[in-house]
Amino acid sequence: MSENQLRDAISEAIKDNDVILFMKGTPEQPACGFSARTVGVMQALDVSFASVDILPDPRIRQELSGISQWPTIPQLFVNGELVGGCDIVMEMYESGELAQLVGAEDVAPAPAEVPAGAAVEQDGLLQPENRLS
Amino acid sequence: MPSADDIKQRIEAALPDASAEVEGADGVHFQAVVTSPAFAGKTRVAQHRMVMDVFAGELGGSIHAMALTTKTPS
């Protein structure tokens, strides 16, 4: 895949998924504490989300940050817009704004569970998977 | 290397009516809480960008990281 094709594929994935998280590792096996915390918030909200592991190819991160103009990972997009990284997601979760944004109902903020594990799966390069939390 | 106070002064000089509380003793990692009425009505991503833009070209270089919290005055 060329850089341009990759960039188009990332843009498509952001457009096609109401809630999509670009992260290090997978929701089952996050490879970074910030990604793990963000997954924990999404699971606490009980909202389904697509996820993309950026680790298998460094160009994914490069092109993603080119699109979003945001340097760090994870990056959460809702309805095609960048919501933020781990700190912003945590803050908006605690204030209840995130639940409102993703349409989660009647979820009182509770400490988010951090999934265990840190290994990296190498399959599924930019194949967003819809996962139920 | 910038001190936390240098960072504070640069943020407050760049953003309208901003007040910043900055910590970071090692000169490369900082934590900043920035309050400014200019953040009103903006997404958090936009608010963070306004602060990060003050250090464009330095973040990831001479400044390794800045953990940021943005607030509008209540």
Handout entry: Matching strands (runs of 3 or more DSSP E) fully within segment B:6-74 where at least 2 residues are open to solvent by 70 Å² or more (accessible area, probe 1.4 Å)
Key = B:19-23, B:29-35
Completion exercise
Checking A:Val89, A:Val52, A:Val47, A:Val19 in turn, the sole residue that is more than 22 Å from B:Val51 (Cβ to Cβ), open to solvent by less than 10 Å² (accessible area, probe 1.4 Å) and aliphatic (A, V, I, L, M) turns out to be A:Val52
Handout entry: segment A:23-81, residues that are closer than 24 Å to A:Gly103 by Cβ, in contact with a Leu (Cβ under 6 Å, 6 or more places away or on another chain) and acidic (Asp, Glu)
Key = none
Exercise for the section: Look at A:Glu81 and say whether it is touching a residue at least 60 places away in the same chain (Cβ under 8 Å) and either under 12 Å from A:Ile20 (Cβ atoms) or away from chain B (no Cβ under 13 Å) (or both). Expected result: no
Exercise for the section: Check segment B:66-73 and report whether any residue there is away from chain A (no Cβ under 11 Å) and over 28 Å from A:Leu98 (Cβ atoms). Expected result: no
Problem - Residue in segment A:61-72 that is under 22 Å from B:Leu68 (Cα atoms), in contact with a Lys or Arg (Cβ under 7 Å, 6 or more places away or on another chain) and in contact (Cβ under 8 Å) with a residue 12 or more places away in the chain present - result: yes
Practice task
Look at segment B:43-65 and say how many of its residues are more than 12 Å from the chain's Cα centre (by Cα), facing another protein chain (nearest Cβ under 9 Å) and modelled with pLDDT of 90 or more.
Solution key: 3
Completion exercise
Residues of segment A:55-86 being on the phi < 0 side of the Ramachandran plot and open to solvent by 50 Å² or more (accessible area, probe 1.4 Å), in sequence order, are A:Leu55, A:Pro58, A:Arg59, A:Arg61, A:Gln62, A:Ile67, A:Pro71, A:Thr72, A:Glu81
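The values are calculated or read from the model by the stated rules, or taken from the named source; none is laboratory data. Please read these numbers as outputs of a predicted model, since none were measured by experiment. Because the Cβ atoms are built from the backbone with ideal geometry, glycine has one as well, and the counts that use them run over all protein chains shown. Quick note on the areas: whole protein, heavy atoms, side chains included, nothing else; ligands and nucleic acids left out. Shrake-Rupley method; radii C 1.70, N 1.55, O 1.52, S 1.80 Å.
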